Amino acid sequence: MWSKRQRYWLAANKVLLAAKASQFKFYNPRTDTYVGGWVTPSDGHGRYQLKVPLGPGCPDEMPPLYVVSPLILPKYGGGAVNEEQRSHAFHTWKNGPGGCVSICHNTPGRWNPKCTILGIVIKGLLWVEAYSRHLKTGMSIASFFEELRRPGQRSHEYPPLWTKESRLCLNKKD
């Protein structure tokens with residue numbers, strides 16, 4: 001199923017994940033391949049399963065990032081994040097399979113083959129932290145990411161805590 005180029009990209013990403021986010025693993029390497037792992041926010045409340053399905057268009061097409069468990073994510077004050085569908089405030093895209101939340105980790109126009117699964121996973125980890133904060137305070141997930149940005153930085157640029165190494169591209173010159 002995978003071309004030589006895709007196998008290289010997948011292998012490089014597997015090495016990065018093993019080194020930097022070992023709780024995330026590759027599953028079904030030949031068909032229906034995905035990366036998945038469980039995350040607990042720093043406050044210890046809740047446990048979330050994240051899934052990155054890798055379709056036949058990778059690495060040229062941006063893979064989605066889903067919260068597959070729990071399926072329904074309640075909002076502060078009532079309702080569910082799942083009801084929002086595509087939302088700037090919650091940094092979500094249209095819901096994924098079965099109605100699961102689809103996290104906005106990048107934009108299709110900015111995605112390129114130099115981007116990595118580790119970058120997606122880190123955005124997922126940050127999103128879970130932001131969601132945990134939302135549950136306590138009602139603060140939007142977008143506001144959480146705004147606090148991480150440097151002055152003058154655009155909304156989809158990486159937060160300042162990401163170093164040159166962790167910009168998460170395979171090309172070291174970036």
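The values are calculated or read from the model by the stated rules, or taken from the named source; none is laboratory data. Source: prediction; values computed, not measured. Cβ atoms come from the backbone with ideal geometry, glycine included; neighbour counts cover every protein chain shown.
Output the residues belonging to segment 88-105 that are in contact (Cβ under 8 Å) with a residue 40 or more places away in the chain and on the phi > 0 side of the Ramachandran plot.
Listed by number, the list holds a single entry, His91.
If the Cβ limit is 8 Å and pairs must be 6+ apart or interchain, which residue in segment 1-17 that is surrounded by 15 or more Cβ atoms within 10 Å (Cβ to Cβ) pairs with which residue that is in a helix (DSSP H, G or I)?
Every condition considered, the pairs that remain are Trp2/Leu10; Asn13/Ile117; Asn13/Leu118; Leu16/Ile117; Leu16/Leu118; Leu17/Ile117; Leu17/Leu118; Leu17/Val121.
Test Gly55 against the stated conditions and say whether it is free of Cβ contacts under 8 Å to residues at least 60 places away in the same chain and out of contact with any strand residue (DSSP E or B) (no Cβ under 8 Å at 6 or more places or on another chain).
So Gly55 fits the description; yes.
Scan (1) of a type outside the set (Ser, Thr, Tyr); (2) assigned to a loop (DSSP other than H, G, I, E, B); (3) at pLDDT 60 or above for the single condition Phe145 breaks and write down its number.
If we test Phe145 against (1) of a type outside the set (Ser, Thr, Tyr); (2) assigned to a loop (DSSP other than H, G, I, E, B); (3) at pLDDT 60 or above, just (2) comes out false.
Among the candidates Leu50, Leu65, Leu54, single out the residue that is touching a His at 6+ places or on another chain (Cβ under 6 Å), buried (at least 19 other Cβ atoms within 10 Å of the Cβ) and of a type in the set (A, V, I, L, M). Please lay out each step first, then the result.
Values: Leu50 fails: touching a His at 6+ places or on another chain (Cβ under 6 Å); Leu54 fails: touching a His at 6+ places or on another chain (Cβ under 6 Å).
None of the others qualify; the one that does is Leu65.
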